[in-house]
There are 2 protein chains.
Amino acid sequence: MICVLTGGTGGAKFVDGLSQVIPAEEITLIVNTGDDLLWWGLYVSPDIDSITYALSGMLSRERGWGVKGDTFLCLQAMGQLGEPTWFHTGDRDLAMHLLRSRLLAEGKTLSEATSTICEKLGVKARVLPMSDSRVETRVDTPSGELSFEEYFVQRWYQDPVNSVRFAGSSDAEPAPGVIEAILSADAVIIAPSNPITSIGPILSVPGILDALRSARGKVAAVSPIIGNAAVAGPAGILMTAQGLPCSIAGVAKAYEDFLDLLVCDTRDTRAAEALRQNGLQVQCAQTIMRTVDDRAALARTVLSHAISGLLSEQSPATEAASEKSAARTAVEQP
Amino acid sequence: MICVLTGGTGGAKFVDGLSQVIPAEEITLIVNTGDDLLWWGLYVSPDIDSITYALSGMLSRERGWGVKGDTFLCLQAMGQLGEPTWFHTGDRDLAMHLLRSRLLAEGKTLSEATSTICEKLGVKARVLPMSDSRVETRVDTPSGELSFEEYFVQRWYQDPVNSVRFAGSSDAEPAPGVIEAILSADAVIIAPSNPITSIGPILSVPGILDALRSARGKVAAVSPIIGNAAVAGPAGILMTAQGLPCSIAGVAKAYEDFLDLLVCDTRDTRAAEALRQNGLQVQCAQTIMRTVDDRAALARTVLSHAISGLLSEQSPATEAASEKSAARTAVEQP
C-alpha cells in the first residue's frame with residue numbers, strides 16, 4: 001500500500017501517473033481540504049475533485065482541473081443573475097458539487113460523501129479528505145485575509161502575502177483511516193504540491209505529523225520547486241512568506257520533521273549534493289510532467305527509490321505489485 | 001392593475017401574451033407552488049420558473065418550459081453519478097435553482113427570493129408565490145401517493161388517479177401581497193391552467209377563496225378544456241378524478257364560487273350557450289395559443305371582456321394602458 005499526501009494540480013498530475021504504475025487499489029490518498037469553499041451555496045472541494053477526476057479519467061489534462069470537454073453555460077447564466085463567476089465551475093463539474101452538497105446536507109461526513117462519489121465513478125484508489133472538520137487556509141495580505149481560492153483564483157495570487165494560517169486546524173481530527181494509512185504504508189509520498197497551502201493544511205491537522213514521524217515506510221517528497229521557482233502557482237511566494245527559501249532546501253526544511261527522501265529535478269543536482277551532505281537522501285529525476293508518460297515515469301522513479309528497501313527485503317506483495325505495474329507501463333509506452 | 005392566477009405551461013403562455021398587451025408593471029401574478037420540489041438538493045419551483053422565464057424572454061417556446069437553447073450536460077453527469085434524471089434541468093436553468101436555493105438557505109422567504117431573481121432578470125411584473133409556506137400537491141394513485149412532478153413528469157401521468165390533495169394547505173398563509181392584489185385588481189384572470197393541480201393549490205390556501213369572492217374587479221377564467229379534452233396535460237383526467245365533468249361546464253363548476261366570466265374556445269359555442277342560460281357570462285374566442293400572436297390575441301380578448309365595465313366607466317389609467325398596448329401590438333404584428 002502506498003499513501004500519498006496531495007493537493008493542487010501538481011498533486012493531481014502525480015497521482016494520475018501513479019495510478020498508471022501501480023494498481024489503484026494499492027493507493028490511499030490523503031487530500032488537502034483547506035481550499036474547500038461554499039460556491040453558489042454548494043460545497044466545493046477543489047483538491048478532492050481534481051484527484052477524483054484524475055483517477056476516473058475525467059480530468060481535463062489541458063486545464064489541469066475540472067472535467068474534460070466541459071461547458072460553462074450555468075456559469076454564464078449565474079453571471080446574468082449577478083452572481084460571482086470567478087471560480088470556473090463547468091456544467092458537468094456541477095454534478096460533483098451537487099451530489100456532494102446533498103450528501104453533506106443529509107448528514108454524511110466529507111469522508112463518506114467522497115467514498116460514495118468515488119464508488120459511483122469507479123475510482124478504485126482510496127481517497128480520504130485530510131479531515132472531516134472544516135480547516136480553512138487563510139492568506140493574510142495587505143488587503144485583508146483571503147480564503148485560498150480568493151487569493152489564488154479570484155485575485156490571481158497578485159497580493160503580497162504576510163502569512164498563511166489554517167483556521168480550525170487545532171480542533172480538527174484526521175478523517176477516519178488517515179493515521180492508519182500513514183502508519184502502515186509501504187511508502188508515504190508527498191506529491192509535488194505546494195508545501196505551504198497544499199501539504200501545510202494536512203500537516204496542521206493534529207496527529208498527522210506524529211504519524212509521519214512514526215511511519216514504518218519511507219517518507220518521500222517530490223519537490224514542486226526547481227532552481228528558485230515553483231513549477232507552477234504561488235508555492236515560491238508562499239514559502240518565502242512563511243520564512244522558507246524558495247529552493248529544494250526550502251522544501252526539505254518544510255518537511256524536515258519526517259522526510260527520508262527528497263526527489264528533485266535533475267537541474268538541481270548541485271543543490272541536491274548540498275542536501276545529501278546534511279544527511280538527507282536525495283534523488284534527481286525529470287520532475288516536470290508535460291505528458292502522460294512523464295507522469296508515469298516520475299511516479300515509477302519515486303516509487304523505486306521509496307520502496308527500494310522493501311524490494312531488497314524481497315517482500316512478495318510489493319514485488320508482485322511492482323512487476324504488475326512494470327508490465328502495465330511497458331504496454332502503455334510507445 | 002391586472003391580477004392573474006397561474007400555473008403550468010398554459011399559464012406561462014397566457015402570461016407571455018398578456019405581457020405583450022399591457023405594460024408588465026400593471027400585472028401581478030399569483031403562482032402555483034404546489035409542484036415545488038427538492039431536486040438534487042435544490043429548491044425547484046417549476047411554475048415560478050416558467051413564469052419568470054416567460055416574462056424575461058428566456059422561456060423555451062418550443063418546449064414550453066426551461067430556458068431556450070439550454071443544454072443538459074450536468075443532467076448527463078448526474079446520470080453518470082447514479083442520480084435521478086427524470087426531471088430535466090438544463091445547464092442554464094440550474095442557475096435559477098442554485099440562486100433560489102442559496103437565498104432560501106440564507107433565510108429569505110420564497111417571495112423575497114422570487115422578487116430578487118425577478119429584479120435581476122429585469123422582470124417588471126410582480127411575481128408572487130401563492131404562499132411562502134410549503135403546500136404540496138399529492139396525487140393518490142393505486143401505486144401510492146405521488147408528488148405532482150412524480151405523477152406528471154416522472155410517470156407521464158399514466159397512473160389512474162384516485163384523488164388529489166394539497167398537503168400543508170390548511171396551515172399555509174397567502175404570501176405577502178396576494179390578498180391585496182386580488183381585492184384591488186381591475187380584473188382577476190384565471191389563466192388557462194389545470195383547474196385541479198395548477199389553480200387548485202392556490203385556492204386551497206386559506207383566505208384566497210374569500211378574496212376572490214370579494215374582489216372589486218371581475219374574475220374571469222380562460223378554459224383549458226376544449227370540448228371534452230384538455231388542450232394539454234392531465235387536466236381532464238384530474239378533473240374527472242375530482243368529480244368534475246371534463247368540459248367547460250366542469251371548469252365553470254370548479255370556479256363557481258367566484259367566477260364572473262368564462263372565456264372558452266369558439267368550438268364550445270353550444271356548451272357556452274348552456275352555461276349562459278345558467279346565468280354565467282361566457283365569451284368564445286380562439287384559445288389555442290400556437291403562435292406568439294395567438295397568445296397576445298387571447299390576452300387582449302380576455303382583457304377586453306374582463307375590464308369592459310371599467311372601460312365604459314372611462315377609467316383614464318386603464319384607457320391609457322389599453323392604448324399603449326394597442327400601439328405596441330400593432331407594431332409587433334406582421
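Quick look at the values:
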read-out	value
Residue count, the stretch B:94-111 (criterion: of a type in the set (D, E, K, R) and either farther than 20 Å from A:Trp39 by Cα or more than 9 Å from every other protein chain (Cβ to nearest Cβ) (or both))	2
Single unsatisfied condition, B:Lys13 versus (1) of a type in the set (Lys, Arg); (2) in contact (Cβ under 8 Å) with a residue 40 or more places away in the chain; (3) not in a helix (DSSP H, G or I)	(3)
Search result, residues across the stretch B:226-246 that are surrounded by 18 or more Cβ atoms within 10 Å (Cβ to Cβ) and on the phi > 0 side of the Ramachandran plot	B:Gly233
Matching residues in the stretch B:140-159 - criterion: being in contact (Cβ under 8 Å) with a residue 60 or more places away in the chain and farther than 18 Å from B:Ser45 by Cβ	B:Tyr157
Flag if B:Ala330 is at pLDDT below 95 and assigned to a helix (DSSP H, G or I)	yes
Tabulated pairs, the stretch A:206-232, first under 16 Å from A:Ala254 (Cβ atoms), second surrounded by fewer than 18 Cβ atoms within 10 Å (Cβ to Cβ) and modelled with pLDDT of 95 or more, C-beta under 6 angstrom, 6+ apart or interchain	A:Ile226/A:Arg267
Cβ-Cβ under 7 Å pairs, at least 6 apart or on other chains, the stretch A:30-51 side within 14 Å of chain B (Cβ to nearest Cβ), far side assigned to a strand (DSSP E or B) and surrounded by fewer than 21 Cβ atoms within 10 Å (Cβ to Cβ)	A:Leu37/A:Ser147; A:Val44/A:Leu37
Check on A:Arg61, out of contact with any Lys or Arg (no Cβ under 6 Å at 6 or more places or on another chain), outside any strand (DSSP E or B) and free of Cβ contacts under 8 Å to residues at least 24 places away in the same chain	no
B:Gln20 being in contact with a helix residue (DSSP H, G or I) (Cβ under 9 Å, 6 or more places away or on another chain) and facing another protein chain (nearest Cβ under 10 Å)	no
Residue in the stretch A:112-136 that is nearest to the other protein chains (Cβ to nearest Cβ), counting only those that are surrounded by fewer than 19 Cβ atoms within 10 Å (Cβ to Cβ) and within 17 Å of A:Gly34 (Cβ to Cβ)	A:Arg134
Output for the stretch B:71-93, where each listed residue is touching a residue at least 24 places away in the same chain (Cβ under 8 Å) and at the interface with another protein chain (Cβ under 7 Å from one of its Cβ atoms)	B:Met78, B:Glu83, B:Arg92
Residue within the stretch B:58-81 that is within 17 Å of the chain's Cα centre (by Cα), within 16 Å of B:Phe152 (Cα to Cα) and either among the aromatic types (Phe, Trp, Tyr) or modelled with pLDDT of 95 or more (or both) present	yes
Residue tally, condition farther than 16 Å from B:Ile202 by Cβ, in contact (Cβ under 8 Å) with a residue 12 or more places away in the chain and either surrounded by fewer than 20 Cβ atoms within 10 Å (Cβ to Cβ) or in contact with a Gly (Cβ under 8 Å, 6 or more places away or on another chain) (or both), over the stretch B:250-260	1
Yes/no for B:Asp36 being touching a Gly at 6+ places or on another chain (Cβ under 6 Å) and either closer than 21 Å to B:Gly177 by Cβ or crowded, with 24+ Cβ neighbours inside 10 Å (or both)	no
Extreme residue, nearest to A:Asn228 (Cα to Cα), among residues of the stretch A:276-295 that are free of Cβ contacts under 8 Å to residues at least 60 places away in the same chain, of a type in the set (A, V, I, L, M) and surrounded by fewer than 20 Cβ atoms within 10 Å (Cβ to Cβ)	A:Ala285
Selection count, the stretch B:156-174, where residues are in a helix (DSSP H, G or I) and over 19 Å from the mean Cα position of the chain (by Cα)	2
B:Ala187 within 16 Å of B:Leu209 (Cα to Cα), touching a residue at least 60 places away in the same chain (Cβ under 8 Å) and out of contact with any Phe, Trp or Tyr (no Cβ under 7 Å at 6 or more places or on another chain)	yes
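Residues checked against (1) over 30 Å from A:Thr301 (Cα atoms); (2) under 17 Å from the mean Cα position of the chain (by Cα); (3) not acidic (Asp, Glu):
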| residue | (1), (2), (3) |
| --- | --- |
| A:Arg100 | yes, no, yes |
| A:Ser131 | no, yes, yes |
| A:Thr137 | yes, yes, yes |
| A:Glu149 | yes, yes, no |
| A:Pro195 | no, yes, yes |
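The values are calculated or read from the model by the stated rules, or taken from the named source; none is laboratory data. These numbers were taken from a predicted model, which means no experiment stands behind them. Reconstructed Cβ throughout: ideal geometry from the backbone, glycine too, with neighbour counts over all protein chains shown.
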